[in-house]
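Chemist: I am attaching a structure below and will ask some questions about it afterwards.
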Amino acid sequence: MRLALLLGCLLLSGCIFNNISSEERLRDSVIELNDQARWTRIDLALAQVAPGLQSEYRATHRGWGRAIRVADTEILGVEVGEDRSQATSTVVVRWYSTDTMMLAETTLHQKWESSIGGYRLIEETVADGDPGLLAEVPSSGGENLESATPAAPATATAATEASAT
């Protein structure tokens, strides 16, 4: 009797945890990625990024915490596509360059693709505002990123990363 009750509880708890909706899984991925990136934990943020985009994502976020300080992030919207395989999010990032100490604002569009266990970022582009947020910071062996000035804006996409390999 106790074994049957225990098995019933285990099955019920498994059903509850497996019924997380696509919207909830996407929302969790969006929050996790942007929160980790805001606090410059890029290695942890990469868990939410598609493998083909990870090196480009790392390059476009290299200056975060050094040449760029993020003051605030705000998720404006999260939408799952009709077939639930793709989704988009819109995020506003308020930040400043350590060179100028001027507050800037950038709106990012993030595209997501469904994968096992959740969603992964497949593209991140600047939709509005200062494009310097996703600028690639040069990385040479002994260069000090504190004094690096962001280069031209970058658009990160998994498709361009995959085609380059």
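The values are calculated or read from the model by the stated rules, or taken from the named source; none is laboratory data. Keep in mind the model is a prediction, meaning the values are calculated, not measured. FYI the Cβ positions are ideal-geometry reconstructions off the backbone, even for glycines, and counts take in every protein chain you see.
Chemist: For a quick check of your reading of the model, give me the residue pairs whose first member lies in the stretch 111-135 and is touching a residue at least 60 places away in the same chain (Cβ under 8 Å), whose second is buried (at least 17 other Cβ atoms within 10 Å of the Cβ) and hydroxyl-bearing (Ser, Thr, Tyr), with beta-carbon atoms closer than 6 Å and at least 6 apart or on different chains.
Modeler: TRP112/TYR119; GLY118/SER29; TYR119/SER29; GLU123/THR157; LEU133/THR106; LEU134/THR60
Chemist: Considering every residue within the stretch 46-56, establish whether at least one is part of a strand (DSSP E or B) and in contact with a strand residue (DSSP E or B) (Cβ under 6 Å, 6 or more places away or on another chain).
Modeler: There is at least one residue in the stretch 46-56 that is part of a strand (DSSP E or B) and in contact with a strand residue (DSSP E or B) (Cβ under 6 Å, 6 or more places away or on another chain).
Chemist: Taking only pairs six or more apart or across chains, which ones have beta-carbon atoms under 9 Å, a first residue in the stretch 76-93 that is within 15 Å of SER115 (Cβ to Cβ), and a second residue that is of a type in the set (Lys, Arg) and modelled with pLDDT of 90 or more?
Modeler: Close Cβ pairs (under 9 Å, with a partner that is of a type in the set (Lys, Arg) and modelled with pLDDT of 90 or more) amount to GLN86/LYS111; ALA87/LYS111.
Chemist: Only one residue in LEU44, LEU33 is buried (at least 17 other Cβ atoms within 10 Å of the Cβ) and not polar (S, T, N, Q), so which one is that? Please lay out each step first, then the result.
Modeler: Numbers: LEU44 fails: buried (at least 17 other Cβ atoms within 10 Å of the Cβ).
Result: LEU33 is the single residue among LEU44, LEU33 that is buried (at least 17 other Cβ atoms within 10 Å of the Cβ) and not polar (S, T, N, Q).
Chemist: Scan the stretch 65-89 residue by residue and report those that are small (Gly, Ala, Ser), surrounded by 12 or more Cβ atoms within 10 Å (Cβ to Cβ) and part of a strand (DSSP E or B).
Modeler: If we filter the stretch 65-89 for residues that are small (Gly, Ala, Ser), which is where we start, we get 65, 67, 71, 77, 81, 85, 87, 89.
Still in the running and surrounded by 12 or more Cβ atoms within 10 Å (Cβ to Cβ): 65, 67, 71, 81, 85, 87, 89.
Passing the criteria: ALA71, ALA87, SER89.
Chemist: Continuing with this model, one more query. With the requirement that a residue be at pLDDT below 95 and among the hydrophobic types (A, V, I, L, M, F, W, C), what does the stretch 103-127 give you?
Modeler: Of everything in the stretch 103-127, just one residue is at pLDDT below 95 and among the hydrophobic types (A, V, I, L, M, F, W, C), namely ILE116.
Chemist: What number goes with the only condition from (1) part of a loop (DSSP other than H, G, I, E, B); (2) within 17 Å of the chain's Cα centre (by Cα) that MET101 does not pass?
Modeler: Checking MET101 against (1) part of a loop (DSSP other than H, G, I, E, B); (2) within 17 Å of the chain's Cα centre (by Cα), the one that fails is (2).
Chemist: ALA59 - would you say it is more than 11 Å from the chain's Cα centre (by Cα) and either closer than 13 Å to GLY129 by Cβ or assigned to a helix (DSSP H, G or I) (or both)?
Modeler: Taking the combined requirement at face value, the residue satisfies it.
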